[in-house]
Number of protein chains: 2
Amino acid sequence: MSVTAPKGFRAAGVAAGIKQGALDVALVVNDGPDTTAAAVFTSNRIKAAPVLWSQQVLRAGIARAVVLNSGGANACTGPAGFQDTHATAEHTAAALSGRASRFPVGAGDVVVCSTGLIGERLPVRKLLAGVDAAARGLSRDGGADAATAIMTTDTRPKTAVHSGQGFTVGGMAKGAGMLAPGLATMLVVLTTDAVADASTLDTALRGATRRTFDRVDSDGCMSTNDTVLLMASGAAGIAPTPAELAAAVTAVCEDLARQLVSDAEGATKEIAIEVAGAASEDDAVEVGRSIARNNLVKTAFFGNDPNWGRILAAIGTTRAAFEPDHVDVAINGVWICKNGAAGEDRAKVDLSAREVTVTVDLHAGDEQATVWTNDLSMGYVHENSAYSS
Amino acid sequence: MSVTAPKGFRAAGVAAGIKQGALDVALVVNDGPDTTAAAVFTSNRIKAAPVLWSQQVLRAGIARAVVLNSGGANACTGPAGFQDTHATAEHTAAALSGRASRFPVGAGDVVVCSTGLIGERLPVRKLLAGVDAAARGLSRDGGADAATAIMTTDTRPKTAVHSGQGFTVGGMAKGAGMLAPGLATMLVVLTTDAVADASTLDTALRGATRRTFDRVDSDGCMSTNDTVLLMASGAAGIAPTPAELAAAVTAVCEDLARQLVSDAEGATKEIAIEVAGAASEDDAVEVGRSIARNNLVKTAFFGNDPNWGRILAAIGTTRAAFEPDHVDVAINGVWICKNGAAGEDRAKVDLSAREVTVTVDLHAGDEQATVWTNDLSMGYVHENSAYSS
């Protein structure tokens, strides 16, 4: 299902030979009647060629299709890499225009996403042949193959569907490392059959990413290729209120974000850091992120050590409003730190499960936020020292 | 030698039973004639009791002695922990006043430093008995024992001596993890027999730490206990110019900082990140630190992978002035990234040695800075998941 759950979308995933034997090219096409779209891109200043291209496409608030490849990021590839992206969009537009489309597709309506190793040119001939195969294979059942074709070190495809009143939002995502604020090495395609103009889509998407993908921080690293795209076909004939649409988009994003954390490279723990009692939501996020990024906190969780002292030290590096002797910290519900000092017995903390909840009460206000992260494991070091990405 | 290399200082290191069997209490006494001093403390807002105490001591620009313990940080221990520090200073002052001091020592002249696990009370009875033993054992040869007594996960004591024109600066340091900007879990005691007022010492020390300890970033974590103390006895009878004094203090700090990187927990690589062509020194430091803190860069070096794409991605997260297509990166002298894209063959890069040099040319100005860091290794994860600190 995934991106083909909403009406008006077809998709395909094919093996183009970029990665030996595996599916590596995905195509998602919006058959309309509407072709409105919105997207959020990496805030890294080093942007891959497909990001630079797709930012231009989205300026008009329209997208007819998105073509994605794994096996190469096409980042830091200079002008030649940008030409490769341009050629991919042109080729995709031509392949779609010849094939039962209701109106011609221009290259400027095709979003391009790439993921994989930075700094190497893509095998363009293979990629374009893959685009042809994908265009031939487009179907209303193609969502699962498309989700598989965008995987890199992911151990499983990630899809989600949420139904609103008379409309549906579907999505697929890839990403298993480099998850970080301002997005991650993360490609996400969301589709909906709701009727919505580009501005409404943009508002819904930015609100959803701010509370979901932006709060997933696996290793503090921000990629060159992150893209979250939302396309609307209008095929359901229903125009939900902006709030209804935002709620459905957020639900799909939250589902996918949790799947990203769950599949993070080498992780043995999924850690929700709930920060409450903050003077502002920004303070809560800053404190949560500081804990999520602290390698000593993360290694402690890998060692099943409820080391609240390292959590306090991480909180102390932020600018958030709090008094050091008013901070409480619980791990899995045991308040082992009260008023900035030792509280309940740390032996009461059970860290045997994969899921861990850290609760911080700053006692400085009424705002709260949750940030998700992982432990820092032997497996993370192994995978990222062996895999060139 | 170390802190007892300059004239006018005695030191001791003893085993007080805080850590089983090992030296764990150090004492360094300034016999004068001068007792001027300056210090820099952690910028973490969660400050250990000894930091809160010692900040008060240093307000007057005077220190007669510093007492240090390993085996417990006395951080996040509440008002009772602060009383423990106060009692330690009182006890040290009394022990020194009864023992051939040229004038009585007050508690307010005694700096206290602690290092070890956060969140647990110190065994004060053992500590005070250790202070007595240390006071009895003070000698002009005690620098080596003092340097050993402050070790935690350090594999070796760290000392340095630098001679100026007619004066000497000596130092000892501990710290093997949690090295980060705004200092590290790092205790450093520097001594000099130069004649210098507190203001001159303060300027020399701040300038030195800014360019040395503040640019060592092993794991981006900032501790609750960091203290760098500089005491001057004036026993050499020489008043160097501020520039001469600053140069000697900086030389000792740089020597100790490199030893900290060299002994970082589990590290297999010592990495100097030289950023040149920056619009400002701050830009150069920001870029260097961003690379030093990037877990994907650090795991790549552990895997002997010259992964310049991850370095570019780290640079892209900064606010430094640069154009993405004007950045060059060399690893061990091989310019594998030119103009933001692939340059020389990455196979030319030899990463077999422990020392690695990353050179970044931003082509945005004439300023430069170097940041030192380590790789992120299996050993780091193992040590920090097994050791509660």
Placing one equal point scatterer on each C-alpha of chain A and summing with Debye, one gets log10 I(q)/I(0) at q = 0.06, 0.07, 0.09 Å⁻¹ equal to -0.24, -0.32, -0.53
Of B:142-153, B:67-78, B:253-264, ordering from highest average Cβ density within 10 Å down gives B:67-78, B:142-153, B:253-264
The answer for the net charge of residues other than B:LEU122 whose Cβ lies under 15 angstrom from its Cβ, with Lys and Arg +1 and Asp and Glu -1, is 0
So, with points 7 Å from each Cα along the Cβ direction, the A:ARG59-B:GLN56 label distance in nm works out to 6.3 nm
So for R0 = 22 Å, FRET eff. of A:GLU274-A:THR203 from the Cβ-Cβ r, to 0.05, ends up at 0.25
Shape descriptor, segment A:255-317: equivalent ellipsoid semi-axes (Cα gyration tensor, sqrt 5λ, whole Å, largest first) stand at 20, 17, 8
Of all DSSP beta bridges with both partners in chain A, the antiparallel percent, nearest 5, is 70 percent
Between the modelled labels at A:ASN339 and B:ASN339 (7 Å from Cα along Cα→Cβ) the distance in nm is 6.5 nm
Averaged per residue, the 1.4 Å probe accessible area of the protein assembly as shown, protein heavy atoms only, in Å², is roughly 33 Å²
Computed over the Cα atoms of the protein assembly as shown, the Rg and Dmax in Å are 29.0, 100
For B:ARG125, placing the label point 7 angstrom along Cα-to-beta-carbon and taking segment B:1-25, residues whose amide nitrogen sits under 20 Å are B:15-22, B:24-25
Per the Kirkwood formula over distinct C-alpha pairs, the hydrodynamic radius of segment B:270-386 in angstrom is 14.1 Å
At R0 = 30 Å the Cβ-Cβ FRET efficiency linking A:ASP141 and A:SER97, nearest 0.05, sits at 0.85
Asserting the computed 222 nm helical MRE of the protein assembly as shown (DSSP H runs at least 4 long, -39500 (n - 2.57) per run, divided by residue count, to nearest 500) equals -10000 deg cm²/dmol
By the mean-Cβ-within-10 Å protection proxy, highest first, A:14-20, A:48-54 rank as A:48-54, A:14-20
Ignoring ligands and nucleic acids, chains B and A bury, in total, an accessible area (1.4 Å probe) to the nearest 100 Å² of about 4000 Å²
Env charge @ B:ASN332, Cβ radius under 10 Å, K,R +1 / D,E -1, value -1
So, relative contact order of segment A:18-114 in percent, Cα under 8 Å, 6 or more apart, is 36 percent
Net charge (Lys, Arg +1; Asp, Glu -1) of residues whose beta-carbon lies under 12 Å from that of B:ALA247, B:ALA247 excluded, is -1
For B:LYS174, the lysines lying under 21 Å Cα to Cα, once residues fewer than eight places off in the same chain are dropped, come out as B:LYS19, B:LYS47, B:LYS158, B:LYS269
Length-normalised contact order of segment A:2-262, Cα under 8 Å, at least 6 apart, in percent, tallies to 28 percent
Ordering B:LYS47, B:LYS298 by the accessible surface of their heavy atoms, 1.4 Å probe, largest first, yields B:LYS47, B:LYS298
Per residue of A:313-322, other chain Cβ atoms within 10 Å number on average 5
Between the alpha carbon centres of segment B:1-64 and segment B:192-213 the gap in Å comes to 16 Å
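The values are calculated or read from the model by the stated rules, or taken from the named source; none is laboratory data. A quick note: this is a predicted structure, and the numbers were derived from the prediction, not measured. Cβ sites come from the backbone with ideal geometry, for glycine too, and all protein chains shown count toward neighbours. Heads up: the accessible areas ignore ligands, DNA and RNA and are worked out on the full protein's heavy atoms, side chains in. Shrake-Rupley method; radii C 1.70, N 1.55, O 1.52, S 1.80 Å.
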